[in-house]
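This report refers to the structure that appears directly beneath it.
The values are calculated or read from the model by the stated rules, or taken from the named source; none is laboratory data. Quick caveat, the model's predicted, so the values are computed rather than measured. Cβ: placed from backbone, ideal geometry, glycine included. Neighbour counts: every protein chain shown.
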Amino acid sequence: MGAMNDPTSRPAQGGGVVDDRARVGRKGAPRGWGSRLLTVLGVLMLTLGLGYLGYVGWEFFGTTYVSKRAADDQVVGLRQEWTAGDPVQTGGVPQTEAEPPASSTAWLIRIPALGPDYEWPIVSGISLSDLDHSVGWFPTSALPGQIGNFALAGHRVTHGEPFRDLLDLEVGDEVIIETQTAIYTYVITDPPSKLTVQDTESWVLDPVPGQPGKAPTEALITLTTCQDFFRSPDRSVGFGVLEKTELKTL
């Protein structure tokens, strides 16, 4: 009798009584901490994922665009400096190139095999900031056109990617270095695709690479860049020799 008089109960089909309080209690139960934690973790993982994608996009595309614009400005600025500087000799023996101040824009590099518009500034130094939008010169190496080893480094990916296609160079391809006083044309003798070293191997920067202590008799050039399109200790290295020197007339 008590169940039949209970306002929260109702007759069940086929007899008996159904207690609606149990059903209401089940529907109104609060969500547990477990599901809330999963939601928070899901949002956090999504945020981190989007942030990582944004970082990768900036590194591979953003820095390249910004660095290329900055490099173009450096080229224009350097040419203006040269034009406004002291007159350049018009004949005779080339002047010895002066060693540039640290981290300054010093010279230009052109590699016709990498495109008719390929031209990058060369900065005195190889720190991360030096290579941010330039090719870097190892200050312990020879100067352009000088007897010894004129050594350069550049990014293959990110920050303008000046040496992205360096491994496409072949024997005989020209590497042109322009200074305020002269244009030096080197030719590749050992292409970068044929030699990989670790980033700790400094012998490639010796005056005569691979022959420590030997006095140089030729003007050489060394080009180094990353072997891979991702971070690794492998470096691709190419060598060349000076073929021609042209004095500039301004």
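Here are a few things to note about the model shown:
Yes or no, residue by residue, for (1) in contact with a helix residue (DSSP H, G or I) (Cβ under 6 Å, 6 or more places away or on another chain); (2) without any contact (Cβ under 8 Å) to a residue 40 or more places away in the chain; (3) within 23 Å of LEU114 (Cα to Cα):
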{"residue": "ASP190", "(1), (2), (3)": "no, no, yes"}
{"residue": "ASP199", "(1), (2), (3)": "no, yes, no"}
{"residue": "LEU205", "(1), (2), (3)": "no, no, no"}
{"residue": "ALA219", "(1), (2), (3)": "no, no, yes"}
{"residue": "ARG235", "(1), (2), (3)": "no, yes, yes"}
{"residue": "LEU242", "(1), (2), (3)": "no, no, yes"}
{"residue": "LEU247", "(1), (2), (3)": "no, no, no"}
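- Checking the stated criteria, LYS248 turns out not to satisfy the condition of being modelled with pLDDT of 95 or more, more than 17 Å from LEU131 (Cα to Cα) and of a type in the set (Lys, Arg).
- Among the residues of segment 228-245, those that are closer than 22 Å to LEU131 by Cα and either touching a Pro at 6+ places or on another chain (Cβ under 9 Å) or crowded, with 21+ Cβ neighbours inside 10 Å (or both) comprise ARG235, SER236, VAL237, GLY238, PHE239, GLY240.
- Some residue of segment 139-147 being surrounded by fewer than 22 Cβ atoms within 10 Å (Cβ to Cβ), within 15 Å of the chain's Cα centre (by Cα) and within 21 Å of SER103 (Cβ to Cβ): no
- Checked against the criterion of being under 25 Å from TYR186 (Cβ atoms), at pLDDT 75 or above and surrounded by fewer than 10 Cβ atoms within 10 Å (Cβ to Cβ), the candidates PRO100, PRO116, PRO112 yield just one match: PRO116.
- Selection of segment 164-185 for residues being of a type in the set (Asp, Glu) and surrounded by fewer than 19 Cβ atoms within 10 Å (Cβ to Cβ) yields ASP165, ASP168, GLU170, ASP173, GLU174.
- Tabulated pairs, segment 126-151, first free of Cβ contacts under 8 Å to residues at least 60 places away in the same chain, second hydroxyl-bearing (Ser, Thr, Tyr) and part of a strand (DSSP E or B), C-beta under 7 angstrom, 6+ apart or interchain: TRP137/SER124; PRO139/SER124; PRO144/TYR184
- Hey, PHE239 in a strand (DSSP E or B), under 20 Å from SER127 (Cβ atoms) and among the hydrophobic types (A, V, I, L, M, F, W, C) or not: no
- Within segment 167-176, the set of residues being hydrophobic (A, V, I, L, M, F, W, C) and over 12 Å from LYS194 (Cβ atoms) comprises VAL175, ILE176.
- Condition met for LEU128 (buried (at least 17 other Cβ atoms within 10 Å of the Cβ) and not in a strand (DSSP E or B)): no
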